[in-house]
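As structure tokens, the structure follows; a few thoughts come after it.
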Amino acid sequence: MNDLSPRIDSHPEGKGKAPRWLEWRGTGSVLVVEDDDAVRTLVARALPKFGFTASAAANGGKALELLRASPESYTLILLDVKIPGMTSVELVREVRRIRPDLPVVIMTGFDRDKALESMGGTSIAGYIHKPFTLNALSSVIRTALGA
């Protein structure tokens, strides 16, 4: 389910109450690295709902280009485990050279253990399983940023 659109009447708090993802707002810019156009677009459109601006890249090369152009402007990277042009491990290693402190959250359809194993021991701030909800996305970002 790639539906990231908010539905106030379909969350656990009950009908008419604000969804949990509205309880917290962040700041800064998030780089979304995802080869699937629909997922990349949905995630980039969801981020402003949490207070973030979003930049998007369909591959590792474009992600590095954006990061190198303005390394201090990014607060977080949301990274698909499988991206074209380079492996996600290679991308995270390059990110660490540019901004060692920049949190990276991986997004994948793989289970957590397999996804973390595929990252080859690189430092990851969080994991989210696709498909995910706005609540899950908000929660993993908040945790990754220590907010």
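Annotations
- Checking each residue in the range 84-108 for being in contact with a helix residue (DSSP H, G or I) (Cβ under 9 Å, 6 or more places away or on another chain), surrounded by fewer than 18 Cβ atoms within 10 Å (Cβ to Cβ) and either outside any helix (DSSP H, G or I) or of a type outside the set (Val, Ile, Thr) (or both) picks out Pro84, Gly85, Met86, Thr87, Glu90, Glu94, Arg99.
- Verdict on Thr122 being among the polar types (S, T, N, Q), touching a residue at least 12 places away in the same chain (Cβ under 8 Å) and touching a helix residue (DSSP H, G or I) at 6+ places or on another chain (Cβ under 6 Å): yes
- Filtered by the rule that a residue be over 17 Å from Ala63 (Cβ atoms), among the hydrophobic types (A, V, I, L, M, F, W, C) and not in a helix (DSSP H, G or I), the range 109-139 gives Phe110, Ile128, Phe132.
- Filter pass, Lys114 being surrounded by fewer than 20 Cβ atoms within 10 Å (Cβ to Cβ) and either at positive phi or in contact (Cβ under 8 Å) with a residue 12 or more places away in the chain (or both): no
- Of all residues in the range 18-76, exactly one satisfies the criterion of being modelled with pLDDT of 95 or more, surrounded by fewer than 16 Cβ atoms within 10 Å (Cβ to Cβ), aliphatic (A, V, I, L, M) and more than 20 Å from Pro100 (Cα to Cα), namely Ala38.
The values are calculated or read from the model by the stated rules, or taken from the named source; none is laboratory data. Everything numeric here is computed off the predicted structure, so don't read it as measured data. In this analysis, Cβ positions are derived from the backbone assuming ideal geometry, glycine residues included, and neighbour counts consider all displayed protein chains.
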